[in-house]
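Below is one structure; the comments refer to it alone.
The values are calculated or read from the model by the stated rules, or taken from the named source; none is laboratory data. A quick note: this is a predicted structure, and the numbers were derived from the prediction, not measured. Note: ideal-geometry Cβ built from the backbone for every residue, glycine included; neighbour counts use all protein chains shown. Accessible surface is based on the protein model in full, side chains and every heavy atom, while ligands, DNA and RNA are left aside. Shrake-Rupley method; radii C 1.70, N 1.55, O 1.52, S 1.80 Å.
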Amino acid sequence: MIFWAVLGGFVLDALFGDPAWLPHPVVVMGRCIAALEKRLRAALPKTPRGELLGGAIVAAVLPLGTLAVTGTACWLAAKLHSVLGLVLQMFWCGQALAARGLVQESMNVYKELQNGDLPAARKAVSRIVGRDTQNLTAEGVTKAAVETVAENASDGVIAPLLYMLVGGAPLALTYKAINTMDSMLGYKNERYLYFGRCAAKLDDAANWLPSRLAGLLWVAAAALTGNSARGAWRIWRRDRRSHASPNSAQTESACAGALGVQLAGPACYFGEYYDKPTIGDPLRPIAPQDIVRANRMMYAESLLALALGLAVRLICML
């Protein structure tokens, strides 16, 4: 069942993405995280130890709860009818992937840049990045979009794909719960330095292997799409650790090398300046067309991951 659920889910995401009218599990996860945070902050001492405990409770309850609820739902659906079980898994596998949505959102940025409308481009990129965008130049907007495509190729496509190949939709959605916690709580600021620590560490662990596989697949994707595989390999080996997160620079470095541009560097988040290291060499100025090139490489590595993953599952089934 997992073989067909993964294949069908990949096709569903490629064709339809995440329609705005369709309820999404990540929205439910976000509401659960916000509700848990509110209650735990009110109930526990406002001390580093109290906040660490509250964050640890969220980091345990949400993934385990997601696995229990989705796993039970898939089991009950399969008990009612095997086709119903397959349809539910396929549907949730599609929702766990974000390739089509990533392309749509980043191409909105590209279109506004092509139109010369910088304020609209800033607004479009603010939908997919966590940094402050109101003062970004056109180059800054382009870099932010390319970085987002590269980074989310790992945690929005390759990682959930890997987990669903292992444990179907329930495990993929459990990963999404971990990733959503990190996106909401995993900030090193005054509010979340302690409360978000467990969520951030759990996300680092969950993404350790997928991000490295994604980086290597990006090198292969660069070759398949006419970009520089040699540059991707060289910069990946040199700069894959040039990030506060042990995982984020894996695909960003390969993307920067494939394109021959420089990514990352200083940025502002919630009004606070962060002096982040750069990734890649500025062999040429970054251009809006690099958003399109990054999307092509993202799709190419996604197809490679799908083909390799399904081949392994097929071998295991024999």
By residue number, the members of the stretch 294-312 that are over 20 Å from Leu15 (Cα atoms) and open to solvent by 60 Å² or more (accessible area, probe 1.4 Å) are Leu308, Val312
For Pro119: the one exception among (1) farther than 30 Å from Leu86 by Cβ; (2) open to solvent by less than 40 Å² (accessible area, probe 1.4 Å): (2)
Kindly list, by first and then second residue, each pair from a residue in the stretch 1-26 that is more than 10 Å from Gly101 (Cα to Cα) and outside any helix (DSSP H, G or I) to a residue that is open to solvent by 40 Å² or more (accessible area, probe 1.4 Å) and of a type in the set (Phe, Trp, Tyr), limited to pairs with Cβ atoms under 9 Å and residues at least 6 apart or on different chains. Leu22/Phe16
Give me the pairs, please: first residue somewhere in the stretch 255-282 and on the phi > 0 side of the Ramachandran plot and in contact (Cβ under 8 Å) with a residue 12 or more places away in the chain, second residue anywhere and open to solvent by 60 Å² or more (accessible area, probe 1.4 Å) and hydrophobic (A, V, I, L, M, F, W, C), beta-carbon distance under 7 Å, and either six or more positions apart or on two chains. Gly260/Leu283
State whether the residues of the stretch 61-76 include one that is within 27 Å of Leu185 (Cβ to Cβ), touching a Cys at 6+ places or on another chain (Cβ under 9 Å), open to solvent by less than 40 Å² (accessible area, probe 1.4 Å) and among the aliphatic types (A, V, I, L, M). yes
Can you pull out every residue in the stretch 215-233 that is open to solvent by 50 Å² or more (accessible area, probe 1.4 Å) and of a type in the set (A, V, I, L, M, F, W, C)? Leu216, Ala223, Leu224, Trp233
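Checking the structure you have, find out if any residue of the stretch 234-241 is under 19 Å from the mean Cα position of the chain (by Cα), buried (at least 24 other Cβ atoms within 10 Å of the Cβ), in contact (Cβ under 8 Å) with a residue 40 or more places away in the chain and over 18 Å from Arg296 (Cα atoms).
Of the residues in the stretch 234-241, the ones under 19 Å from the mean Cα position of the chain (by Cα) are 236, 240-241.
Subsequent filtering for residues that are buried (at least 24 other Cβ atoms within 10 Å of the Cβ) retains 236.
Adding the requirement that they be in contact (Cβ under 8 Å) with a residue 40 or more places away in the chain leaves none.
No; the residues of the stretch 234-241 include none that is under 19 Å from the mean Cα position of the chain (by Cα), buried (at least 24 other Cβ atoms within 10 Å of the Cβ), in contact (Cβ under 8 Å) with a residue 40 or more places away in the chain and over 18 Å from Arg296 (Cα atoms).
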Any chance you could count how many residues in the stretch 187-204 are open to solvent by 30 Å² or more (accessible area, probe 1.4 Å) and within 14 Å of the chain's Cα centre (by Cα)? 1
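Mind listing just one residue for me: the one in the stretch 133-175 that is of a type in the set (Asp, Glu) and open to solvent by less than 40 Å² (accessible area, probe 1.4 Å) and, of those, farthest from the chain's Cα centre (by Cα)? Reasoning before the result, please.
Step one: list which residues in the stretch 133-175 are of a type in the set (Asp, Glu), which gives 139, 147, 151, 155.
Cutting the leftovers down to open to solvent by less than 40 Å² (accessible area, probe 1.4 Å) gives us 147, 155.
Working: Glu147: 11, Asp155: 3 Å.
Here the residue is Glu147.
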Could you check, for the stretch 163-180, whether at least one of its residues is modelled with pLDDT under 95 and among the charged types (D, E, K, R)? no
When only residues in the stretch 96-116 that are hydrophobic (A, V, I, L, M, F, W, C) and over 15 Å from the mean Cα position of the chain (by Cα) count, which is most open to solvent (accessible area, probe 1.4 Å)? Met107
Do we have Arg212 as open to solvent by 10 Å² or more (accessible area, probe 1.4 Å), under 30 Å from Cys93 (Cβ atoms) and of a type in the set (Lys, Arg) here? yes
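Which of the residues that make up the stretch 222-273 are among the charged types (D, E, K, R) and part of a loop (DSSP other than H, G, I, E, B)?
Filtering the stretch 222-273 down to residues among the charged types (D, E, K, R) leaves 230, 234, 237-241, 252, 272.
Within the stretch 222-273, Arg240, Arg241 meet the criteria.
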